[in-house]
Amino acid sequence: MSEFQAYLQLGFDHITDSNGYDHILFIVALCTIYTLIDWKKVIILVTAFTIGHSITLALSTMGMISIRPDVIELLIPITILFTATLNFFHKNPKSSYVREKTYSSRYPIALTFGLIHGLGFSNYLRALLGKEADIVEPLLGFNVGLELGQLIIVFVILAIAFVAIELLRLSKLRWNDIISGIIVGMAISLIINNQLFREILGLSVN
């Protein structure tokens, strides 16, 4: 296995690892308002997220930017909470112009929050690289692995949404509210159990 393939596998494993489910939660929150018919929009949306996290992943891995890991660990569930909460305000307007405008507004959100998630990915990648001099190939492979993992997660989400909405006749609004509500609850749990958050509030940390 080449170095590129090895890091591609590591990137794929990292994004799909249930132990790091915070990134999966964000992707689910990002895509909950969509169905299979919107697959092109979803790919563009996930690509915007990928561009965002690729930028900070590269900059952080090369040592050009540095932000405390505990700050990033708090910011990531906040991005999840914000995105899932935003879903509750989503309506499915009849006007195609209004609908496209609503969907398009999510792209800068995905890009911006991708910058934060990239810093989270970089902590893991830096630990893998150690003192390795050439990071271009590992960085590229890791990014491609992340993207492939994200696309598979998106496909699973859209497939489940198709079954729920088209076969089980669950309304899009109800599907959105149920999934977004679950994600909001999980994000809040991540935030209130975050060590930095508890320190900020002056709570004891076990």
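Going toward the positive end of the dipole of the chain, with +1 on Lys and Arg Cβ and -1 on Asp and Glu Cβ, which of 74, 145, 111 do you reach last? It is 111. For the chain, the Kirkwood estimate of the hydrodynamic radius, built from every pair of different alpha carbons, is 17.9 Å.
Of the GluC sites (Glu not before Pro) in segment 109-206, the ones in a loop by DSSP (not H, G, I, E or B) with at most 16 other beta carbons within 10 Å are 132. Ligands, DNA and RNA are left out, and with a 1.4 angstrom probe the accessible area of the chain is 53 Å² per residue.
Sparsely packed loop sites in segment 100-197 (the trypsin sites (Lys or Arg not before Pro) outside DSSP H, G, I, E and B with at most 12 other Cβ atoms within 10 Å) comprise 131, 169.
Loop-located chymotrypsin sites (Phe, Trp or Tyr not before Pro) in segment 30-93 (DSSP state other than H, G, I, E, B) with a sparse environment of at most 15 neighbouring Cβ atoms within 10 Å: 88, 89. Compared with the dominant principal axis of the Cα atoms in the chain, helix 106-129 is inclined by about 30°.
Shown for the chain: the carbon plus sulfur share of the solvent-accessible area, taken with all protein chains present and a 1.4 angstrom probe, equals 67%. GNM remark for the chain: springs join alpha carbons under 10 Å apart, and the peak mean-square fluctuation among 187, 127, 48 falls on 127. For the chain, the dipole from Cβ point charges (+1 on Lys and Arg, -1 on Asp and Glu) about the Cα centre works out to 1000 debye, to the nearest 20.
The values are calculated or read from the model by the stated rules, or taken from the named source; none is laboratory data. All values derive from a computational prediction rather than experimental measurement. Glycine gets a Cβ as well: all are built from the backbone with ideal geometry, and neighbour counts include every protein chain shown. Accessible surface is based on the protein model in full, side chains and every heavy atom, while ligands, DNA and RNA are left aside. Shrake-Rupley method; radii C 1.70, N 1.55, O 1.52, S 1.80 Å.
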